[in-house]
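Colleague: Quick one: the structure is below, and I'll ask about it shortly.
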Amino acid sequence: MIKNGYLTIIILLFCGNALFAQAPAWGGGADQTDLSFGFSFSYVSNYFKIDKKPNWRDPFFDPGVNRFITDSLRSISSKNATGFGVGFITRYRLTDHIEVRGNPSLVFADRSITYTYPKSTDDVTKQIQSTTVDFPLEVKIKSDRIQDFRAYILGGVKYSLAIGSKKNADTGLDPLNKLVKNASGFGSYEAGIGCDIYFEFFKLSPEIKMSNSFGNVLVPENHPYSSPISSLGLHTFTFSLIFE
């Protein structure tokens, strides 16, 4: 009888655990109210889409010394540069499947442009140090919730504002030491996919997002590294973990 009692208790414990495991997690109530808040951590990778002038290969002539100070160019390219961002989430529910989201973020992500000259063994890479405050406004469309999971797509626009940059940081420098400058503020359009995963006290949303700047982000100047370029467009890939 005692052995049978112990066996009954063990069976009930296992069955109870199984029943609790099947119950959907609440997610901390993130989807139960119209307005909720959270935060995000992001990995950022970006590069420039470069439009060159028709005569971009020509050597650069410096009127100050009355001579050419560079060789002809062979190529101009932009490699992926990485960074990170932290942000604050504000979510407003319109329907059970549609919500509007704001995610102001502080982003630290440098950019780079590489210049290759056929007569030189060393490429010249210009780093563009960038710290921006991003203000995205997005519409998020969600699937039905299946247990503790739901998928979503999103799209929207954002405005990026550079902070801490000095407009005249290269004043008085030799033309070969000049910096390539970007606009202090510009807009972008973006789209992405992600999923909501519900835990007992919070909701976690892994998300992948692509964005492209509107128009030209280059500040044109007359020096060897800005003059060959007609316009720059910024392409950004972001992977985020969002907690609500």
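Colleague: In degrees between 0 and 90, to the nearest 10, how far off the longest principal axis of the chain does helix 2-22 point, with axes built from Cα atoms?
Modeller: Between the helix axis and the principal axis of the chain, the angle is about 40 degrees.
Colleague: Next up: Relative contact order for the range 78-138: what is it in percent, counting Cα pairs under 8 Å that are at least 6 residues apart?
Modeller: Relative contact order of the range 78-138: 35 percent.
Colleague: Can you send over the carbon and sulfur percentage of the accessible area for the range 88-244, probe radius 1.4 Å, protein chains only? Don't jump to the answer; show the numbers that get you there.
Modeller: Values: 4800 of 7700 Å².
C and S fraction of accessible area: 62 percent.
Colleague: Which three extents, in angstrom, do the Cα atoms of the range 171-211 have along their principal axes, listed largest first?
Modeller: Here the spans come out as 60, 22, 16 Å, largest first.
Colleague: Turning to a different aspect of this structure: Provide the per-residue ³J(HN,Hα) series for the range 89-98, in order, calculated from phi with Karplus coefficients 6.51, -1.76, 1.60 and θ = phi - 60°, each as a whole number of Hz, with x at glycine and proline positions.
Modeller: 9, 10, 10, 10, 7, 8, 9, 5, 10, 10
Colleague: So what are the three principal axis dimensions of the range 49-155 from its Cα atoms, in whole Å, longest to shortest?
Modeller: Dimensions of the range 49-155 along the principal axes of its Cα atoms: 69, 24, 23 Å.
Colleague: Can you give me the P(r) profile for the chain? Cα pairs, bins 10 angstrom wide beginning at 0, each as a whole percent.
Modeller: Distribution as computed: 7, 25, 22, 16, 12, 8, 4, 2, 1, 0, 0 percent.
Colleague: Please give the net charge around residue 117, taking every other residue with its beta carbon less than 14 angstrom from that of residue 117, where Lys and Arg add +1 and Asp and Glu add -1. Please report the intermediate quantities before stating the final value.
Modeller: Values: positive: 57, 74, 119, 126; negative: 58, 71, 122, 123.
Within the 14 Å Cβ shell, the charges total 0.
Colleague: If you count only protein heavy atoms and use a 1.4 Å probe, how large is the accessible surface of residue 125, to the nearest 10 Å²?
Modeller: Around 70 Å² of this residue is reachable by solvent.
Colleague: When only the heavy atoms of the protein chains count and the probe is 1.4 Å, how do 146, 50 rank by accessible area, highest first? Please report the intermediate quantities before stating the final value.
Modeller: Values: 146 120, 50 30 Å².
Result of the area sort, largest leading: 146, 50.
Colleague: Over all alpha-carbon pairs in the range 86-227, figure out the percentage whose distance exceeds 27 Å. Can you show the working numbers first?
Modeller: On the way: 4047 of 10011 pairs.
Summing the P(r) tail past 27 Å for the range 86-227 gives 40 percent.
Colleague: Would you mind computing the Rg to Rh ratio of the range 136-200 from its alpha-carbon coordinates, Kirkwood style for Rh? Don't skip to the answer; put the middle values down first.
Modeller: Working: Rg = 20.6 Å, Rh = 15.7 Å.
Radius of gyration over Kirkwood radius for the range 136-200 works out to 1.32.
Colleague: Follow-up question, since we're still on this one. I'd like to check one number: the per residue accessible area of the range 125-165, probe 1.4 Å, reported in Å² as a whole number.
Modeller: Details: 2250 Å² over 41 residues.
Per residue, the range 125-165 has 55 Å² of solvent-accessible surface.
The values are calculated or read from the model by the stated rules, or taken from the named source; none is laboratory data. All of these numbers come straight from a predicted model, not from anything done at the bench. Please note: Cβ atoms are built from the backbone with ideal geometry, for glycine as well, and neighbour counts cover all protein chains shown. Accessible surface is based on the protein model in full, side chains and every heavy atom, while ligands, DNA and RNA are left aside. Shrake-Rupley method; radii C 1.70, N 1.55, O 1.52, S 1.80 Å.
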